[in-house]
1. Assess whether VAL209 counts as being out of contact with any Cys (no Cβ under 9 Å at 6 or more places or on another chain) and outside any loop (DSSP other than H, G, I, E, B).
2. Based on what the data block shows, is ALA43 crowded, with 20+ Cβ neighbours inside 10 Å and more than 20 Å from ARG120 (Cα to Cα)?
3. What are the residues in segment 157-187 that are within 16 Å of the ligand (Cβ to nearest atom) and among the small types (Gly, Ala, Ser), if any?
4. Filter segment 229-259 down to residues that are among the basic types (Lys, Arg) and more than 16 Å from GLN203 (Cβ to Cβ) and give me whichever is surrounded by the most Cβ atoms within 10 Å (Cβ to Cβ).
5. Need a quick list: helices (runs of 4 or more DSSP H) entirely within segment 1-101 having at least 1 residues that are without any contact (Cβ under 8 Å) to a residue 12 or more places away in the chain.
6. List the pairs whose first member sits in segment 159-179 and is in contact (Cβ under 8 Å) with a residue 40 or more places away in the chain and within 17 Å of CYS195 (Cβ to Cβ), whose second member is surrounded by fewer than 13 Cβ atoms within 10 Å (Cβ to Cβ) and of a type in the set (Asp, Glu), and whose Cβ atoms are under 9 Å apart, counting only residues at least 6 apart or on separate chains?
7. How many residues, within segment 230-256, are closer than 18 Å to PRO19 by Cα, polar (S, T, N, Q) and in contact with an Asp or Glu (Cβ under 8 Å, 6 or more places away or on another chain)?
8. Residues in segment 78-95: is at least one within 15 Å of the ligand (Cβ to nearest atom), in contact with a helix residue (DSSP H, G or I) (Cβ under 8 Å, 6 or more places away or on another chain) and not aliphatic (A, V, I, L, M)?
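What follows draws every value from the coordinates through simple rules; no lab data is involved. The model shown is predicted, which means the values in this text are computed figures rather than measured ones. Counting neighbours? That spans all protein chains shown, and the Cβs are built from the backbone with ideal geometry, glycine included.
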Amino acid sequence: MIPSNPDDTSVLLLGTGGPWVSADRFGPSTLIRHGAERLLFDAGRGVGIRLVEAGEEPAQVNPVFITHHHLDHISDLADVMITTWLRGRTEELKIYGPPGTEEIVDTLVNKVYAKDIEWRSVGEPAFGGWKPVQAKDIEPGDVVETPNWRVSCAYVVHGHGLNFSKKFKNNWKCLSYRFEAGDRVITVSGDSIDCGGLRKMAQDADILVQCCFAGSMETRGNSHLSDVATFTLADAVQAATVAKECGVGHLVLTHLRPKSEAELAALEAEVRQTYDGPLTIGRDMTSVPLHIA
Ligand SMILES: [Zn+2]
C-alpha cells in the first residue's frame, strides 16, 4: 500500500482544449498525482503524448474516471487502455464513468480493437498477453475508495436544456468528480454550467479544475457562443461565481476555446472581478501543486 501523502499531490493538465482541434490545446484530460498513484480524469485527444511529454509513465495510470461521453473526453480511451498495456501495465485497468461507460469499453475491447488486442497478445508475446480492463458505470452516491483516497461524483448540467428528445436527455449523464485525500479536496468539474451538482462537488475544494470555454468578450453578440454559455459550458462569470461562492482555494481553468493572448487576458480580468483567490488559466502541461494551508 502506498501511504497517503497529501504533501505530494498535484494536478497536471494534460489537455486543456475541447473538441476544437488544436496543436496547442489537446483534448480534455487531467491527471491527479497522489504519491506514486496516477488518477486520470478523461482521455481526450493526445493524452498519451502529453503523459510521456510530462515524463509520466502511462503504465502507472490507474484508475481512469470518465466525466461523460462527448468525443473530446473519450477519443483516446482505447489508446489509454492499449498503450498502458504495451508500456507494461500489470494490473487490471479500472475505468469508471456514467451509465453507458461499460458498454463503450466493452465495444472498444471486444469489437473495435478485438483484432488488435489478439494480434498483439499472440504476435508480440513479449507483452505477456492482454491485461484486462474493468469498466464500471457509476452514479451519484457511488464512491470509489482506496485506503489512500476517495472519489465521489454528482450529475451536472451539460446541454440538458437544449432541444433534445426526452429519451436522449434521460440517457445523457454527465459527471463531476470530487477527489479527497485526508482533508484535502480536488474537484474536476467535467463539462457543466453552474449547477447544484457542480457546486456540491466544488464546495470548499482546495483546487477546482473548472471548464471555462470563453469570456464575455467572445460570447457577447455571438448567439451560438452565448447559447453555449447558457446551456452547455461555464463561461468566465460562472466559473468565478462557483469558485467564490463555494469557497474554492485555487481555481484552475480548462476546456478553453482557442483564443488569442488578448482574449485570455480579458477572460482572466473577468474572473478577477468576482474571484480573488489563486487563479491559474490552464495550458497543456500546467502543473498545480496541492499546497497545505
Ligand atoms: Zn462535453
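1. Judged against the criteria, VAL209 is a match.
2. Numbers: crowded, with 20+ Cβ neighbours inside 10 Å: yes; more than 20 Å from ARG120 (Cα to Cα): yes.
In short, yes.
3. Answer for segment 157-187, where residues must be within 16 Å of the ligand (Cβ to nearest atom) and among the small types (Gly, Ala, Ser): GLY159, GLY161, SER176.
4. ARG257
5. Numbers: elements: 47-53, 71-74, 77-86.
Here the list reads 47-53.
6. LYS173/GLU139; LEU175/GLU139
7. 1
8. Checking segment 78-95: not a single residue is within 15 Å of the ligand (Cβ to nearest atom), in contact with a helix residue (DSSP H, G or I) (Cβ under 8 Å, 6 or more places away or on another chain) and not aliphatic (A, V, I, L, M).
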